[in-house]
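**Q** This is the structure I want to talk about, given as structure tokens.
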Amino acid sequence: MTALLEDHTTFRLGGPCRELVAVRDPDDAVRVLERWTAAGRPWLPLGGGSNLLVADAGLPDHSILRMAASPRPPPVILEPALRGESPLPVWAGTSLDALSAAACAAGLAGLEDFSGIPGTIGGAACGNAGAFGRSLSDLVAAVDLWTPARGLHTLPASALGYAYRSSALQRPPLGPCAVLRVHLRLGPSAGDPAPLLARRAGILALRASRHPDIRAVGTAGSYFKNLPPPAPGGRRQPAGALLDAIGAKTFRVGGAFVFPRHANILVTDPATATAADVHALADLLADAVQDRFGIRLVPEVRAWPA
Ligand SMILES: Cc1cc2nc3c(=O)[nH]c(=O)nc-3n(C[C@H](O)[C@H](O)[C@H](O)COP(=O)(O)OP(=O)(O)OC[C@H]3O[C@@H](n4cnc5c(N)ncnc54)[C@H](O)[C@@H]3O)c2cc1C
């Protein structure tokens with residue numbers, strides 16, 4: 001059925017697609033993908049839509065496969081890991097934050113630094129999401145993915161070309177593909193939950209003070225990637241520091257503007273903004289940084305169409 005992608009992205013932007021089908025497990029996903037492939041339909045995978053800027057014209061020829069939450073809630077998903085089985089297979093549509101919350105509560109270490117990151121495990125595995133110096137690739141042992149050429153198969157993390165906020169899953173020849181399960185190394189199992197819960201609470205409080213509330217405005221979090229460290233092994237330079245230096249927080253295009261508490265977060269007024277406004281604002285910011293510092297910022301947010 002035709003759907004509006006603005007209803008499925010945290011920017012709350014994006015025009016129509018040909019159809020959007022929500023699936024809740026890998027078998028369901030494979031059935032739909034085989035049907036579309038046999039019919040020669042172009043398709044794209046969607047998770048929580050929290051790292052996406054979809055054009056106002058949408059993708060009217062595309063079918064969209066949305067990996068939705070599993071009927072098995074995260075505490076149940078964790079049971080094998082609590083018995084010491086590792087790596088743990090996780091359905092791609094599982095909420096990253098819900099899994100992090102359940103793991104912390106169960107005393108299972110690994111996901112606490114990912115507290116509060118919106119979206120799904122599948123989306124995080126594709127974009128190599130992370131925070132506080134950690135990336136999901138630190139925990140990924142393998143993924144089960146479906147491609148038109150090979151159907152459902154498993155690839156180890158070493159074949160996924162992981163780098164800072166990127167992976168080979170995002171580009172040809174592997175992509176576009178559908179990641180259906182992510183095998184995560186969590187543990188030690190059933191340790192003391194108290195330090196994990198404290199770390200999680202601290203991170204959630206920090207995020208609440210620095211990030212916009214996605215219930216009030218449209219956003220996809222940090223828009224640009226941070227810069228490589230000046231020397232090997234050093235810390236990445238925050239893109240926000242360069243953006244602050246050019247006065248980014250005063251920039252606005254139509255209904256798109258820079259979040260007053262974080263120069264690298266673009267936000268939208270859902271009532272008036274268009275995707276074209278966000279693209280124009282991002283271009284203005286990147287041009288101003290390039291003029292001042294000779295550095296071209298690279299978007300972390302994925303654009304549809306690319
Ligand atoms: C308030 C806020 C804070 C954020 N903070 C952070 C942060 O701290 N760190 C960080 O890294 N990110 C952050 N983000 C960005 C975003 O939450 C992450 O990048 C997240 O991992 C995206 O997951 P998703 O399921 O929403 O992916 P989507 O936005 O649905 O998709 C993103 C891309 O991945 C592809 N994709 C999604 N699922 C699959 C799948 N199963 N198989 C194949 N391809 C797939 C899509 O085709 C698309 O190209 C933040 C976003 C917001 C709104």
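**Q** If you average the C-alpha positions of segment 62-121 and of segment 192-228 separately, how far apart do those two centres end up, in angstrom?
**A** 17
**Q** In segment 87-234, if the dipole is taken from +1 on Lys/Arg beta carbons and -1 on Asp/Glu beta carbons about the Cα centre, which of Pro87, Val143, Tyr162 is farthest to the positive end?
**A** Checked the options; the winner is Tyr162.
**Q** Can you work out the base-10 log of I(q)/I(0) for the chain at q = 0.07, 0.11 1/Å, using the Debye formula on its C-alpha atoms alone?
**A** Evaluating at q = 0.07, 0.11 Å⁻¹ gives log10 I(q)/I(0) of -0.27, -0.69.
**Q** Rounded to the nearest angstrom and ordered from largest down, what semi-axes does the equivalent ellipsoid of segment 74-196 get from its C-alpha gyration tensor (root of 5λ)? Please report the intermediate quantities before stating the final value.
**A** On the way: eigenvalues 121, 44, 26 Å².
So the equivalent ellipsoid measures 25, 15, 11 Å along its semi-axes.
**Q** For segment 212-304, would you read off the P(r) tail past 15 Å as a percentage of all alpha carbon pairs?
**A** Pairs farther apart than 15 Å: 58 percent.
**Q** For segment 232-249, in order, what is each residue's ³J(HN,Hα) by Karplus, 6.51 cos²θ - 1.76 cosθ + 1.60 with θ = phi - 60°, in whole Hz (x at glycine and Pro)?
**A** 3J(HN,Hα) across segment 232-249, in whole Hz: x, x, x, 8, 5, 8, x, 4, x, 5, 5, 5, 4, 5, 9, x, 3, 5.
**Q** Counting only DSSP beta bridges with both residues in the chain, what percent are antiparallel, rounded to the nearest 5?
**A** 70
**Q** Hey, what number do you get for the chain at 222 nm if only DSSP H runs of n ≥ 4 count, each worth -39500 (n - 2.57), divided across all residues, to the nearest 500?
**A** Estimated from H runs of four or more residues: -8000 deg cm²/dmol.
**Q** Moving on to the next point. Order these by the 10 Å Cβ neighbour count, fewest first: Thr268, Thr2.
**A** So the ranking, lowest neighbour count to highest, is Thr2, Thr268.
Each value in this text was obtained by applying a stated rule to the coordinates, not by laboratory testing. Everything numeric here is computed off the predicted structure, so don't read it as measured data. Virtual Cβ from ideal backbone geometry, glycine too; neighbours counted across all protein chains shown.
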